[in-house]
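A.B. asks: Structure below; questions to follow.
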Amino acid sequence: MSKRAVWLIWVTGVLVLSGYYSFRLFASEDQEAFVIGPATHGHHQIELACATCHTSAFGGGEVLQQACVNCHGKELQAADDSHPKAKFTDPRNADRLEHLDARQCVACHREHQLEQTGAMGVTLPQDFCFLCHQDIAEDRPSHQGMAFDTCASAGCHNYHDNQALYEDFLTKHGQEPDIKALARIVQRSDIALKHPHHQPGKALRAADANAGALEDTVLADWLSSAHAQAGVNCSGCHTATPAASAKASPPSPQDWVDKPSIAICQGCHGEETATFYQGKHGMRLAPNLSRTLTPMTPSLGRLTFNPDAAHRELTCASCHDPHSVDVREAAVDSCLGCHADTHSLAYQNSPHFQLWQAELAGTAAPGSGVSCATCHMPRESHTTSGMQRVLVNHNQNANLRPNEKMIRGVCQNCHGLTFAIDALADPHLLQTNFTGRPAHHIDSVDMAIRRLRESNATETASPEHIQP
Ligand code: HEC
Ligand code: HEC
Ligand code: HEC
Ligand code: HEC
Ligand code: HEC
Ligand code: HEC
Ligand code: HEC
Ligand code: HEC
Ligand code: HEC
Ligand code: HEC
């Protein structure tokens, strides 16, 4: 064989082999063999869907970066990120990049390196703020003597989201009482009537299923539901496509679908479904992944679950009985059907649970109870097609970490800011699900108020501020 032929065979061989491996790596079902190290807490569910992050077999860092931004860009923007990329493309800050290229997510969030990964997927030592903020003690005498691994301790600063920790926010709300006089969350009543798919003409008309499919309990549950109130009949769900569910006429027996899919719910509840896909309950079903991954189950999870629930799949129906759609049942009982870690189990001994029971019993005002969902799936105001509605955020990770995210949307409905910061910074209270008072006091509010007083004092003392 000529030298040239050997060369050709070798090159072709390498190309075929590497093509084969790239193919297996990025396109095949059997990717487990290639996992180079376990994925982080946030991403372990999508670990085997390599192509969600490595969107192309070719290309370097910018490909990964774009993948991070595609999934997380909006949320960081909404949180008013304190260190956006733009801060570092500014030439005045270019020198800061010498030690750490903070324009790249992977500078701080690497993957497949579980042994060096801390909370929230951070792969740097805790004192990394030092790299850019050495001068803080000079600029702010109040920070003298503080160690750099304390900057980001709960209740002081975060790298991205500082919305509940800005100085003016602290001074504005720092004096509120521990428990507010009107401790309530926003109401969901009346909303039913505002839903775009509400069809008053059809209200409570008899179920339109074919008689063969009727079951007594199903019918009774449905009759008591918000769907019956709103005229969403059996045929509203038991059809193959959302488009068919909008048809006024009942489906013929051959159109009847036994187990309607999420797509049917999504047809009328787009916002809830979209947020469900963003969190740990629904992320495996997100439209770009659902063809590769099965629904999440507790057996695939890294938390402690009820063993009986090991193989229950996460869909809308795991929290909502599709016929009664009783939201009170969804808010606590459904969660405890699966979750069995110390924090979740402790809830039923907490003062918040007592408030929730009083609300259910009707002895306390609506909105004064605190369920699992009050904290993890908060009610939020939305304006859709010009209409103000209160919808439930179905991404239970949206306010989970750093947990100061819970302050504005949840705790502050009922508690003062100082109390909420102290409570969330206390790891023991997380374990007991907030039974008892915070053990320590976080200084940040006092520091902000002191600084405001001092600067007010100097302002009044300085002559140019004295009004003629
Ligand atoms: C959640 C996003 C994500 C998923 C899913 C993911 N990776 Fe990665 N992967 C990364 C990141 C980020 C890096 C860069 C880590 C670093 O710089 O230390 C990386 C690095 C790598 C590397 C090292 C190459 C290099 O450029 O350093 C290999 C090989 C790799 N991943 C393979 C895989 C395979 C195979 C899968 C699927 C089984 C997978 N990855 C799934 C994010 C991901
Ligand atoms: C396919 C979408 C997707 C891609 C791509 C992706 N993520 Fe995520 N990420 C998620 C989801 C879903 C979660 C879990 C829910 C949450 O914590 O918000 C998550 C969680 C996280 C967390 C929080 C972890 C925790 O424990 O609280 C960080 C940090 C993170 N991602 C950073 C990154 C970075 C950096 C990249 C790029 C290398 C990336 N993500 C790529 C979807 C994605
Ligand atoms: C210089 C380090 C650094 C860089 C660069 C960085 N992060 Fe982070 N990230 C952190 C730290 C530290 C936390 C822990 C919470 C905090 O302090 O805000 C975090 C937390 C997160 C979280 C979970 C908490 C939250 O507030 O949502 C997400 C998601 C996230 N980062 C995504 C990204 C993405 C996407 C990029 C790139 C666009 C990125 N990060 C770049 C340091 C960094
Ligand atoms: C790669 C460099 C870099 C690192 C690392 C870094 N910062 Fe910054 N930070 C900056 C720059 C640049 C600014 C804007 C200019 C300034 O205020 O010095 C800034 C501003 C801030 C601000 C004022 C933010 C605002 O919204 O006004 C805070 C608070 C802050 N950083 C805290 C931290 C904390 C806490 C850490 C560590 C978790 C950290 N930084 C790590 C570069 C960095
Ligand atoms: C044809 C449209 C339609 C379909 C399909 C549909 N819904 Fe509804 N749903 C409504 C309307 C209208 C309401 C009443 C207004 C509201 O509460 O938002 C409602 C209310 C609800 C409520 C609130 C109940 C309460 O007591 O306040 C839940 C939970 C719910 N739906 C879940 C689902 C689930 C899960 C599916 C899929 C199995 C689904 N819906 C399918 C239209 C629909
Ligand atoms: C909001 C959507 C919705 C409405 C309205 C609805 N169903 Fe269902 N139904 C479902 C879903 C989703 C399932 C599948 C549950 C599962 O996966 O186990 C189901 C399951 C069933 C089953 C199978 C038995 C069971 O309990 O799992 C029967 C029978 C049934 N429905 C009958 C009806 C009848 C009759 C009506 C009208 C009175 C009705 N459904 C109204 C969504 C709905
Ligand atoms: C069918 C079982 C099931 C039900 C019902 C359920 N969960 Fe989960 N939950 C899970 C699984 C599985 C995970 C993902 C765990 C993982 O990725 O390791 C999860 C994740 C979470 C997380 C994120 C944990 C983390 O560390 O990021 C929170 C918070 C949570 N669930 C709260 C709730 C609440 C509140 C309810 C009730 C409204 C509820 N869950 C209902 C199974 C369930
Ligand atoms: C982890 C449990 C859980 C899952 C999974 C879940 N929900 Fe919910 N959902 C709840 C809870 C709890 C409430 C009520 C919270 C409240 O009253 O504040 C609720 C409320 C609702 C409401 C009424 C409030 C609103 O936003 O209009 C609708 C509609 C709804 N869910 C639809 C869905 C759909 C569609 C899915 C599937 C994509 C789904 N839910 C999956 C727990 C869940
Ligand atoms: C008063 C608000 C509040 C209530 C009520 C509440 N939680 Fe939590 N939950 C939190 C906070 C805060 C965290 C901690 C986030 C962090 O810092 O990691 C948390 C964490 C979790 C986690 C993640 C645990 C882990 O180890 O990663 C799960 C799962 C969870 N809660 C489920 C539930 C369930 C189920 C209920 C009801 C039985 C419930 N929670 C009630 C505030 C609450
Ligand atoms: C709907 C109102 C409401 C919301 C929302 C709420 N709480 Fe509470 N919480 C209360 C009330 C009222 C009490 C007092 C109950 C009692 O003493 O019987 C309480 C008690 C507590 C306690 C125990 C105090 C003690 O003396 O034992 C802690 C800690 C706590 N809340 C923290 C939080 C945190 C942190 C959040 C946000 C994640 C939060 N709460 C959200 C109303 C609320």
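A.B. asks: Just to be sure I understand the filter: pairs with C-beta atoms under 6 Å, separated by 6 or more residues or on different chains, first member in the range 64-82 and free of Cβ contacts under 8 Å to residues at least 40 places away in the same chain, second member away from ligand 4 (no atom under 15 Å from the Cβ). Which pairs pass?
C.D. replies: ALA67/CYS53; ALA67/THR55
A.B. asks: Report yes if ALA423 is hydrophobic (A, V, I, L, M, F, W, C) and part of a loop (DSSP other than H, G, I, E, B), otherwise no.
C.D. replies: Criteria not met by ALA423.
A.B. asks: Out of all the residues in the range 288-326, which are more than 27 Å from THR52 (Cα to Cα), within 16 Å of ligand 5 (Cβ to nearest atom) and either exposed (fewer than 14 other Cβ atoms within 10 Å of the Cβ) or touching a residue at least 24 places away in the same chain (Cβ under 8 Å) (or both)?
C.D. replies: Listed by number, the residues that qualify are ASP321, PRO322, HIS323, SER324, VAL325, ASP326.
A.B. asks: Also, I was wondering about something else. Return the residues of the range 74-90 that are surrounded by 13 or more Cβ atoms within 10 Å (Cβ to Cβ), part of a helix (DSSP H, G or I) and not hydrophobic (A, V, I, L, M, F, W, C); say none if nothing qualifies.
C.D. replies: Within the range 74-90, GLU75, LYS85, LYS87 meet the criteria.
A.B. asks: Exposed (fewer than 15 other Cβ atoms within 10 Å of the Cβ), under 28 Å from ASP168 (Cα atoms) and at pLDDT 95 or above: which single residue out of ARG453, ARG437 fits that description?
C.D. replies: The match here is ARG437.
A.B. asks: Inside the range 132-156, can you point out the residues that are within 34 Å of the chain's Cα centre (by Cα) and assigned to a helix (DSSP H, G or I)?
C.D. replies: Result: CYS132, HIS133, ILE136, HIS143, PHE148, ASP149, THR150.
A.B. asks: Here's something else I'd like to know. How many residues, within the range 338-361, are more than 16 Å from ligand 5 (Cβ to nearest atom) and either of a type outside the set (A, V, I, L, M, F, W, C) or at pLDDT below 95 (or both)?
C.D. replies: Total meeting the criteria: 13.
A.B. asks: Okay, moving on. If you take the residues in the range 165-196 that are in contact with a Cys (Cβ under 9 Å, 6 or more places away or on another chain) and modelled with pLDDT of 60 or more, which one is nearest to VAL232 (Cα to Cα)?
C.D. replies: Checked the range 165-196; the qualifying residue nearest to VAL232 (Cα to Cα) is ILE185.
A.B. asks: Could you check how many residues of the range 389-442 are more than 16 Å from ligand 8 (Cβ to nearest atom) and in contact (Cβ under 8 Å) with a residue 24 or more places away in the chain?
C.D. replies: So the answer is 24.
A.B. asks: I'm checking my understanding of the structure. Among residues of the range 42-66 that are assigned to a helix (DSSP H, G or I) and not aliphatic (A, V, I, L, M), which one is nearest to CYS105 (Cα to Cα)?
C.D. replies: GLN65
A.B. asks: Also, quick follow-up: Which residue out of ALA420, ALA330, ALA361 is more than 29 Å from ALA448 (Cα to Cα) and either among the aromatic types (Phe, Trp, Tyr) or within 15 Å of ligand 9 (Cβ to nearest atom) (or both)?
C.D. replies: Of the residues listed, the single one that is more than 29 Å from ALA448 (Cα to Cα) and either among the aromatic types (Phe, Trp, Tyr) or within 15 Å of ligand 9 (Cβ to nearest atom) (or both) is ALA330.
Residues are listed down the side, and each one gets a yes or a no for (1) surrounded by 14 or more Cβ atoms within 10 Å (Cβ to Cβ); (2) within 16 Å of ligand 10 (Cβ to nearest atom); (3) under 28 Å from ASP308 (Cβ atoms); (4) among the β-branched types (Val, Ile, Thr):
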{"position": "SER350", "(1), (2), (3), (4)": "yes, yes, yes, no"}
{"position": "THR363", "(1), (2), (3), (4)": "no, yes, no, yes"}
{"position": "GLY367", "(1), (2), (3), (4)": "yes, yes, no, no"}
{"position": "PRO378", "(1), (2), (3), (4)": "yes, yes, no, no"}
{"position": "VAL392", "(1), (2), (3), (4)": "yes, yes, yes, yes"}
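A.B. asks: Does ASN403 fit the bill of being surrounded by 15 or more Cβ atoms within 10 Å (Cβ to Cβ), within 16 Å of ligand 1 (Cβ to nearest atom), polar (S, T, N, Q) and under 21 Å from ALA152 (Cβ atoms)?
C.D. replies: No, not satisfied.
The values are calculated or read from the model by the stated rules, or taken from the named source; none is laboratory data. Please read all numbers here as calculations on a predicted model, not as lab measurements. Because the Cβ atoms are built from the backbone with ideal geometry, glycine has one as well, and the counts that use them run over all protein chains shown.
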